[in-house]
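Here's the structure, in structure tokens; my notes come after.
The values are calculated or read from the model by the stated rules, or taken from the named source; none is laboratory data. These numbers were taken from a predicted model, which means no experiment stands behind them. With ideal geometry, Cβ positions are generated from the backbone for all residues, glycine too; neighbour counts draw on all protein chains shown. Note: accessible area is taken over every heavy atom of the protein model, side chains too, but ligands, DNA and RNA are not part of it. Shrake-Rupley method; radii C 1.70, N 1.55, O 1.52, S 1.80 Å.
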Amino acid sequence: GGADGEAGNGEKVSGMGILVQCRPLLIFGSCALLFHFANAPLLPLVGQKLAAAHPEWATVMMSSCIIAAQLVMLPIAILVGRTADRLGRKPILLVGFAILPLRAVLYTLSDNSAWLIGVQLLDGVGAGVFTALTPLVIADLMRGTGRYNLAFGAVATMQGVGAATSGFVTGVIVDRFGYSAAFLTAGGMALIALAALFLGLPETATANPAEAGLAPLEEPSLAE
């Protein structure tokens, strides 16, 4: 299909340039940046809290957090893959994005180790939804244009920017205002991502690339 190749229509489009051409993709990429900005520091922050409370069990507890989230993520991703066509992409994405600010707030309610590890299970739900739907959303928007790889690379870059910058920002917040402030800051960014997704992203399962400003893979002018 046209979603499998890169810029096959003869136009030279940079990876980030595809975001400018396709407004829904720009919105999704921005939401992905905010999602990863909010999500990336949560596990390290939880690990730091667990290590402070139980230094002798820090490694075991951190591993428990990671394994717990992974065990949840796999079935969630499978479930999402099976229901995305029937329910649509956007409703499931909204659920995945809504879990992130909820998780950030729940972390502030207790320092109990069992509570922190239990809340971390929600990471598997949000990550499972995002991981399963990201390639589907991009494929929807790039259908027939031959620019899937470019678009995926652009979104991945934005995800990386979000994850890379969040560690520094939350580290500064923890040093100056404490863990709860850092968790709430991440939750606030996640809420912005949720609002942008709700207000700005259309249902991509029925998206028409031409309406998004993208030329089809085969243009009549090339055949003449």
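Consider the range 63-73. How many of its residues are more than 13 Å from L121 (Cβ to Cβ) and either touching a residue at least 40 places away in the same chain (Cβ under 8 Å) or buried (at least 19 other Cβ atoms within 10 Å of the Cβ) (or both)?
Summing the residues that are more than 13 Å from L121 (Cβ to Cβ) and either touching a residue at least 40 places away in the same chain (Cβ under 8 Å) or buried (at least 19 other Cβ atoms within 10 Å of the Cβ) (or both) in the range 63-73 gives 0.
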Considering residues of the range 101-117 that are part of a helix (DSSP H, G or I) and open to solvent by less than 60 Å² (accessible area, probe 1.4 Å) only, the residue nearest to L141 (Cα to Cα): P101
Would you mind listing the helices (runs of 4 or more DSSP H) fully within the range 21-100 where at least 1 residues are under 19 Å from A132 (Cα atoms)? 23-39, 58-87
Name the residue that is least open to solvent (accessible area, probe 1.4 Å), counting only residues in the range 5-45 that are modelled with pLDDT under 55 and touching a Gly at 6+ places or on another chain (Cβ under 8 Å). N9
Could you check the range 74-102 and list, in sequence order, the residues that are of a type in the set (V, I, T) and either under 23 Å from V169 (Cα atoms) or touching a residue at least 60 places away in the same chain (Cβ under 8 Å) (or both)? I99
Would you call A132 over 19 Å from A68 (Cβ atoms), touching a residue at least 24 places away in the same chain (Cβ under 8 Å), among the hydrophobic types (A, V, I, L, M, F, W, C) and in a helix (DSSP H, G or I)? no
Matching residues, the range 187-217, being modelled with pLDDT under 90 and either of a type in the set (A, V, I, L, M, F, W, C) or assigned to a helix (DSSP H, G or I) (or both): T204, A205, T206, A207, A210, A212, L214, A215, L217
